[in-house]
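Read-outs: derived from the displayed coordinates by stated rules, not from any lab. Bear in mind the structure is a predicted one, so any value in this text is a computation, not a measurement. Cβ coordinates were reconstructed from backbone atoms using ideal geometry, including for glycine residues, and neighbour counts include every protein chain displayed.
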Amino acid sequence: MEAVTLQPAGMAADLSIWGLAMQADFVVKLVMLALLLASFWCWAIIFQKMKQIRKLRAQASEFEDSFWSGGSLEELYERIGTTPDHPLAMLFAVAMREWTLATTRGIPIPDGQAHFGLQGRIDRVMTVALQREMEVLEQRLGFLATVGSTAPFLGLFGTVWGIMNSFQSIAMTKNTSLAVVAPGIAEALLATALGLVAAIPAVVAYNKLSGDLNRYAGRLETFAGEFSALLSRQMAERGL
């Protein structure tokens, strides 16, 4: 274990954050660097997810306005295509693709089971599409949770390591003056501070983004249920 060099009693120590970081032990420096990189990556994820969720909400509202405008579902399907760029339209597209296959190509279904067979297929494809879309949206949220739970302990490890080095240096110099001890202790405590700086935003953002995505998933499920009921009525009207 590399000992921390303590400042002589008559020499003023650099107690600025940069100074403390540069004077820290090599292991403590690695801990600080890891925490800073994790914090920067967390903020990148936070800004990207916030922007993505805001865009998804706007796209969902625009699509719902078109869907409930009373126009033809077939025309809306032709307009958005088979691979739309947001989950709500994707649910509509996969359901309409199944509906189109059944109504235009005449997929054979046993007598007396047509309604239930087609309805079941539509419900299944929308469920699968919803799960797949939510898996994509939830990517990288796990990193926020990991940083939020581990960063304080990583910072604490750096602090313990730095304090152990400080005590070793104190034992060698046999000088317990506060002016001599303070810089080494401050260097070690900086690691804990950086751990909290990384963890607190990660935890808050994870809870906020998870809640937003859960509400968005509920919006998708509500639309899927309403659209399934609408198609069910059309099946009944057409005698499918």
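Taking a sphere under 13 Å around the Cβ of TRP43 and counting the other residues whose Cβ falls inside, with K and R at +1 and D and E at -1, yields a net charge of +3.
In this simple spin-label model, placing a label point 7 Å from the Cα along the Cα-to-Cβ direction at both ALA171 and LEU36 gives a separation of 3.1 nm.
When you restrict to C-alpha pairs under 8 Å that are six or more residues apart and normalise by the size of the stretch 26-238, the relative contact order lands at 32 percent.
Using a Förster distance of 25 angstrom, determine the FRET efficiency expected from the C-beta separation of VAL136 and GLU221, and round it to 0.05.
On the way: r = 16 Å, r/R0 = 0.66.
The value I calculate is 0.95.
For an R0 of 41 angstrom, estimate the FRET efficiency from the Cβ-Cβ distance between THR104 and LYS51 and round to the nearest 0.05. Efficiency, from the Cβ-Cβ distance: 0.55.
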